[in-house]
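Single-structure report; data block below.
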Amino acid sequence: MLVSEQIPKEDLDYILEPFKEDNKEDNKQIISEKIIAIVRDAKGNIIDKREQKMKSLTQYYLALMSIPILGTYSSPTSTTATSILTNVLDLPSRQSVYNNYSADIIFDTSIQLGSGTQSFSPTLNSLASPISNGSGTGQLYYYSQSVLYTSNSISQLLIVSNNSGNTITVSEIGLMGTIYIEYYNSSNVYTQQPYNFLFSYDTFSSPISIPNGGSASFQIIITFSG
Amino acid sequence: MLVGSKVDYDISNLYIPKDVKEDIDYQKSFSATLTIIVRDKDGKVIKKYKQKSHSPTANFIGLMLPLTWYNTTGNSWTFTTTSNTTFTYQPTLKANGYGVAYPNNQNDYNTYIINIIVGSGSSSNPYNAYNLNAPISNGSGTGQLLYSSISTPTSITINGSQAYFIISQSYANQSGGTITISEVGIILNLQTENSISENINTGQVLVWYDALSSPISLSNGQSATIYYTFSVNA
């Protein structure tokens, strides 16, 4: 039986107490996050190159991480989802499905660029001013994104081009996530129900300008150093 | 098309960062902490221990890869169970596509945390670990610890920009001798399937592993509570 109970205060005080040790091994981070941006002009020449630490994962990314740790069910015998999935991600406690079928969950991620700025909060769920996909005024053309996995690292890559006729300035970047529940509904129709979240949010130390005709690549890298 | 060969070069030369510990000005975002509180037979705290938690396993990574990775590479992920058997997983977003089982009103395939398991061994390659090196079994016999039920969070706690959740489990030593804990892991009962309940793959998988920097010894009658704290922006 799994239980959710109060942690004794004396334990909790110690759990939340900052580390006092200054031991290199103990302070080794298990995950490092980076954002890399490379900007090219219309001729393909690199005109800007950035690399900075990603600082701001949201509670939604933490909730996503709870799936491989806590699972999706609240106990071995329960028929309801974990509290984090229902309370934080607002997923259904129990998906209604067609006779004798079942439901499953998967997720995907993508990078979104923006031209605004805002203060970070773990509950932030969108960019301040997202730059939409297209070739019109104020838009960037988003190419298909890719994800690589190498040596315990997950790297999301986005390439954009600017066909808008004017320079576009990028000042914020987010890792967007969509969690899907797949099932057949009561009418026996295949359904994929999406739930959208912001998994990370960062602003660039100084805005990145992409000239008309230029392109840029953006990477968000999460490394599990193991 | 404006994206040409030079951008292709960027794609094919994706930069993987150096270990972040070399960056002294790094403001961490994600962290995991392992805390152990030891109590005597009367419940009095006699030892507190805490260390950074370092080691998601390959099983964990496979569950954290987004759909795009599976779609663009065409690869599947191989999970290794605690019994050293394997099964593959390739999620797809389509009719009869595969994913991790989710609660529903017809057929449930419970995917849930089983234990924070403790052991008396040590693994030199946590990423490839599929079980603890020397698991301590549940019981009151020689070399055993009595495992309590695992405690799971009801939500994520937010404190300013920080967000975290804590899982915990307690272990009592009624074996008659001293037991030393030197490794800790998290075991998930994983079930992957498609939405018409075909080809269900099931296994108990180790998703997290830590060797303790300093092993914890429990004398007969003592107990320990292990807390894993997963946090962002701490």
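Read the figures in this text as sums done on the coordinates, not as results from a lab. Not measured: the values here are computed from a predicted model. All Cβ positions, glycine included, derive from the backbone under ideal geometry; neighbour counts span all protein chains shown.
Let me confirm one metric for peptide A:86-95, namely the mean number of other chain beta-carbon atoms within 10 Å of its residues' beta-carbons. Walk me through the intermediate numbers first.
Values: counts 3, 4, 6, 1, 0, 2, 3, 1, 5, 6.
That average works out to 3.
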Original post:
For the pair residue A:166 and residue A:100, what calculated FRET efficiency results from E = 1/(1 + (r/R0)^6), where r is the Cβ-Cβ distance and R0 = 51 Å, to the nearest 0.05?
Top reply: 0.35
**OP:** Place a label point 7 angstrom from the Cα of residue A:189 along the Cα-to-Cβ direction, then list the residues of the stretch A:79-114 whose backbone nitrogen is under 15 Å away.
**Re:** A:97-98
Original post:
Nearest 10 degrees, 0 to 90: what angle lies between the long axis of helix A:59-70 and the longest principal axis of chain A (Cα atoms)?
Top reply: 50 degrees
**OP:** Compute the Cα gyration tensor for the stretch A:31-224, then decide on rounded, prolate or oblate, letting a ≥ b ≥ c be the square roots of its eigenvalues: rounded whenever a/c is under 1.5, prolate when a/b is larger than b/c in the other cases, and oblate in all that remain.
**Re:** prolate
**OP:** Please find, in a Gaussian network model of chain A (springs between Cα atoms separated by less than 10 Å), the residue of A:141, A:184, A:60 whose mean-square fluctuation is greatest.
**Re:** A:184
Subject >> Set A:55/B:50; A:34/A:55; A:9/B:47; A:9/B:50 screened for pairs whose C-alpha atoms are more than 20 Å apart >> reply: A:55/B:50
Subject >> Choice from A:179, A:35, A:15 showing the highest fluctuation, given a GNM over chain A with Cα pairs closer than 10 Å >> reply: A:15
Original post:
So how much slack lies between residue A:80 and residue A:51, counting 0.36 nm per residue of separation and subtracting their Cα-Cα distance, in nm?
Top reply: 6.2 nm
Original post:
How would you classify the stretch A:133-226 from its alpha-carbon gyration tensor, with a ≥ b ≥ c the square roots of the eigenvalues: rounded for a/c under 1.5, else prolate if a/b is greater than b/c, otherwise oblate?
Top reply: oblate
Original post:
If you place +1 on the Cβ of every Lys and Arg, -1 on the Cβ of every Asp and Glu, and leave all else neutral, what size is the dipole of the stretch B:31-232 about its Cα centre, to the nearest 20 Debye?
Top reply: 560 debye
Original post:
Out of A:173, A:154, A:131, any idea which swings most in a Gaussian network model of chain A, alpha carbons joined below 10 Å?
Top reply: A:154
**OP:** Using a Förster distance of 35 angstrom, determine the FRET efficiency expected from the C-beta separation of residue A:129 and residue A:13, and round it to 0.05.
**Re:** 0.25
**OP:** Kindly state, to the nearest 0.05, the FRET efficiency for residue A:93 paired with residue B:48, given R0 = 30 Å and r defined as their beta-carbon distance.
**Re:** 0.25
Subject >> Number of partner chain Cβ atoms within 10 Å, mean per residue of A:37-44 >> reply: 3
Subject >> 12 Å reach of a label modelled at residue B:180, 7 Å along Cα-to-Cβ, counting backbone N of the stretch B:112-127 >> reply: B:120-122
**OP:** Let me have the 222 nm mean residue ellipticity of chain B computed from DSSP H runs of 4+ only, each contributing -39500 (n - 2.57), with the sum over all residues rounded to the nearest 500.
**Re:** -2500 deg cm²/dmol
**OP:** Find, among the GluC sites (Glu not before Pro) in the stretch B:162-234, those assigned to loop by DSSP (not H, G, I, E, B) with at most 14 other beta-carbon atoms within 10 angstrom.
**Re:** B:198
Original post:
Other chains' Cβ within 10 Å of B:225-231 residues: what's the mean?
Top reply: 3
